[in-house]
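Q: Here's a structure for you.
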Amino acid sequence: AQSVTQLGSHVSVSEGALVLLRCNYSSSVPPYLFWYVQYPNQGLQLLLKYTSAATLVKGINGFEAEFKKSETSFHLTKPSAHMSDAAEYFCAVGFTGANSKLTFGKGITLSVRP
Amino acid sequence: KAGVTQTPRYLIKTRGQQVTLSCSPISGHRSVSWYQQTPGQGLQFLFEYFSETQRNKGNFPGRFSGRQFSNSRSEMNVSTLELGDSALYLCASRALAASNTGELFFGEGSRLTVL
């Protein structure tokens, strides 16, 4: 079985500050890991993904995440927050295979203060 | 390439009614998944269809059902609606080639309100 834990439901940062959104996973097989972003009244958009290549993954909008197997973590970071980053962020775990499905965390709402 | 298209975007129903939601996947994607999103429960997996067959199913009552057509378009149906069925229903498609990472591509959702 696989699961995702996103600690906390809300993170607030000032514009220009570091963004750090935490994600820990559990998986019985080598996982694929994803971060998605959701803006109000929209669907989810893929930010970045880890697929067992480089452990530091760069995504869109200046976000990146590092896969740490020893810590079973895949935290999302951005050096400098922008007002447009305010949204809900979801971490998800999956694996390849005919019967695989993505399991999502509860999501974290990011607020950016001017 | 066109994205995942869901219709209708918004709808209001009353308790006891039924509803059908439609999803057209990205061209070439043969897998379609459905998720229910609510503020309290987050994203919950409903089911996945591939080549007109249900491959995975989440923990939802039998009132929730789905199907997939030969052109990969999918519908989900909820019968005997309850207030708790009010949610954003998200459809997602993906390719399932051997080397594929399995990432999902989401539509914008159908917002269902049950009164």
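Q: How do B:F106, A:F34, B:F50 stack up against each other in accessible area, from largest to smallest, with a 1.4 angstrom probe?
A: Result, largest first: B:F50, B:F106, A:F34.
Q: So, how do all the Cα-to-Cα distances of chain B break down into 5 Å bins, in percent, from 0 on up?
A: Reading upward from the zero bin: 2, 13, 23, 26, 19, 10, 5, 1, 0, 0.
Q: Please label the shape of chain A as rounded, prolate or oblate, based on the square roots a ≥ b ≥ c of the eigenvalues of the alpha-carbon gyration tensor (a/c under 1.5 means rounded; beyond that, a/b larger than b/c means prolate, else oblate).
A: Prolate is the answer for chain A, as a/c is 1.5 or above and a/b outweighs b/c.
Q: To the nearest 10 square angstrom, what accessible area does B:T5 show with a 1.4 Å probe?
A: Here the residue's solvent-accessible area equals roughly 70 Å².
Q: So if the hydrodynamic radius of the protein assembly as shown is defined as the Kirkwood radius over C-alpha pairs, what does Stokes-Einstein give as its diffusion coefficient at 37 °C and 0.692 mPa s, in µm² per second?
A: The estimated diffusion coefficient comes to 181 µm²/s.
Q: Let me ask something else. Quick one: Cα centre-to-centre distance for the range A:31-79 and the range B:1-74, in angstrom?
A: The two parts, judged by their Cα centres, are 25 Å apart.
Q: How many Å² of accessible area per residue for the range A:21-114, probe 1.4 Å?
A: Heavy-atom accessible area per residue stands at 45 Å².
Q: Here's another thing I want to ask about it. With a cap of 16 neighbouring Cβ atoms within 10 Å, and only residues DSSP puts in a loop, list the GluC sites (Glu not before Pro) found in the range B:1-80.
A: B:E52
Q: Then there's this: With r defined as the distance between the Cβ atoms of B:Y10 and A:T109 and R0 fixed at 25 Å, what FRET efficiency is calculated, to the nearest 0.05?
A: 0.65
Q: Right, another one. What's the FRET efficiency of A:N41 with A:S84 using the Cβ-Cβ distance as r and R₀ = 22 Å, to the nearest 0.05? Provide the component values of the computation, followed by the final result.
A: Values: r = 16 Å, r/R0 = 0.71.
Once rounded, the FRET efficiency stands at 0.90.
Q: Working with all protein chains in place, sort A:I60, A:I108 by solvent-accessible area computed with a 1.4 Å probe, largest first.
A: Solvent-accessible surface, decreasing: A:I60, A:I108.
Q: Based on the Cβ-Cβ distance of A:E66 and A:T5, what FRET efficiency does E = 1/(1 + (r/R0)^6) give at R0 = 25 Å, to the nearest 0.05?
A: 0.90
Q: Oh, and also: Under 12 Å between alpha carbons, and skipping anything fewer than 8 positions from A:K106 in its own chain: which aspartates and glutamates qualify?
A: A:E88
Q: Okay, next question. Summarise the accessible area of the protein assembly as shown (1.4 Å probe, protein heavy atoms) by the percent that is carbon and sulfur.
A: Roughly 52 percent, rounded to a whole number.
Q: Tell me the total accessible area that B and A bury against each other, 1.4 angstrom probe, in square angstrom rounded to 100. It would help to have the intermediate numbers written out before the result.
A: Values: alone 6230 and 6280 Å², together 10710 Å².
Between B and A, the summed buried area is about 1800 Å².
Q: Sequence gap at least 6, Cα distance under 8 Å: using those rules, report the relative contact order of chain A to the nearest whole percent. Please list the in-between numbers first.
A: Details: 283 pairs, mean separation 42.2, N = 114.
With pairs under 8 Å counted, the relative contact order is 37 percent.
The values are calculated or read from the model by the stated rules, or taken from the named source; none is laboratory data. All values reported here derive from a predicted model rather than from experimental measurement. All Cβ positions, glycine included, derive from the backbone under ideal geometry; neighbour counts span all protein chains shown. For the accessible areas, the whole protein counts, side chains as well, though only heavy atoms, and no ligand, DNA or RNA atoms are used. Shrake-Rupley method; radii C 1.70, N 1.55, O 1.52, S 1.80 Å.
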